[in-house]
Amino acid sequence: MSSAHCGVCEAAVRPAFRAPQPEIAPDLAMRPGEPARPTLRDWIMVCPNCGAAAPDLAALPASARSVVESDKYRTLSTSVLEETLPFQRWALILAGSGDRAGQAEALLQAAWAADDAAAIAEAAKLRTEVAALWDGTTDVELGLRRLDVLRRAGLFDEAEAWASVLTERGADELGRSVIGFQRTRIATRDIGRHLISSALPPPA
């Protein structure tokens, strides 16, 4: 296997990981299904020399060096759950480059890692951060994903209010099915994982 080089310190690192194509439906927040799902821990590479973290260490943004060398970045290693650390490091690097969309995705992946570690409180905290970054989005898919993030964080009042916003915007048939499914889950205070296929009507 050919090697790559870290964009911060030039150390030799592993090339970017390529997850297999999912064959099972994704979660409502779009975490891919099997066989991609259990490869989550491989999605972020960590430089063994400087600790930079990214899906592709050879393609780090120019602003990454100052972030990786910051006290805030170093503190993460002792202040967050080990399973979420690579994703939270990557989120911080993306925040430093002004990429809020990428930061939200990295934090959501950190929440998935917390799910896998059965760290419910940490997963809820991370989802709350994601929901804040996606607040007010007008993107249809992100809006539906935000609804799932709010519900799974246990923010049921906020989730119901956001469901109303999405409904008032005039969702299509798929969106209405997802919103209706989520509202039923919200009413029962369900914070569990559900596949997107569970929210869709059966084929005619």
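The values are calculated or read from the model by the stated rules, or taken from the named source; none is laboratory data. Just so we're clear, the structure is a prediction, and the values are computed from it rather than from any experiment. In this analysis, Cβ positions are derived from the backbone assuming ideal geometry, glycine residues included, and neighbour counts consider all displayed protein chains. Heads up: the accessible areas ignore ligands, DNA and RNA and are worked out on the full protein's heavy atoms, side chains in. Shrake-Rupley method; radii C 1.70, N 1.55, O 1.52, S 1.80 Å.
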| query | Based on what the data block shows, is E158 surrounded by 14 or more Cβ atoms within 10 Å (Cβ to Cβ), at pLDDT 95 or above and assigned to a helix (DSSP H, G or I)? | reply | yes
| Here are some residues: A104, A114, A118. Which one is surrounded by 22 or more Cβ atoms within 10 Å (Cβ to Cβ) and either of a type in the set (F, W, Y) or farther than 22 Å from P61 by Cβ (or both)? | A114
| message | I need a count of the residues in the range 61-106 that are within 28 Å of G143 (Cα to Cα) and out of contact with any Pro (no Cβ under 6 Å at 6 or more places or on another chain). | response | 26
| query | Quick one: would you say R189 is part of a loop (DSSP other than H, G, I, E, B) and among the basic types (K, R)? | reply | yes
| request: Look at A25 and say whether it is farther than 30 Å from I191 by Cβ and in a loop (DSSP other than H, G, I, E, B). | output: no
| query | Is it the case that some residue within the range 66-77 is open to solvent by 60 Å² or more (accessible area, probe 1.4 Å) and of a type in the set (V, I, T)? | reply | yes
| Out of A36, A25, A12, A29, sole residue that is in contact with a Ser or Thr (Cβ under 7 Å, 6 or more places away or on another chain) and closer than 26 Å to A199 by Cβ | A25
| field | Number of the condition not met by I93 [criteria: (1) open to solvent by 40 Å² or more (accessible area, probe 1.4 Å); (2) in contact with a strand residue (DSSP E or B) (Cβ under 7 Å, 6 or more places away or on another chain)] | value | (1)
| note | Over the range 36-54, the set of residues open to solvent by 50 Å² or more (accessible area, probe 1.4 Å) and within 30 Å of L147 (Cβ to Cβ) is P38, R41
| query | Which of the residues spanning the range 24-77 are modelled with pLDDT of 95 or more and among the β-branched types (V, I, T)? | reply | T39, I44, V46, V67, V68, T75
| remark: Taking the range 6-35 and keeping residues more than 26 Å from E141 (Cα to Cα) and open to solvent by less than 30 Å² (accessible area, probe 1.4 Å) leaves C6, V8, A11, V13, A16
| message | Suppose we filter V149, V130, V140 for residues that are of a type in the set (A, V, I, L, M, F, W, C) and open to solvent by 60 Å² or more (accessible area, probe 1.4 Å); which single one remains? | response | V140
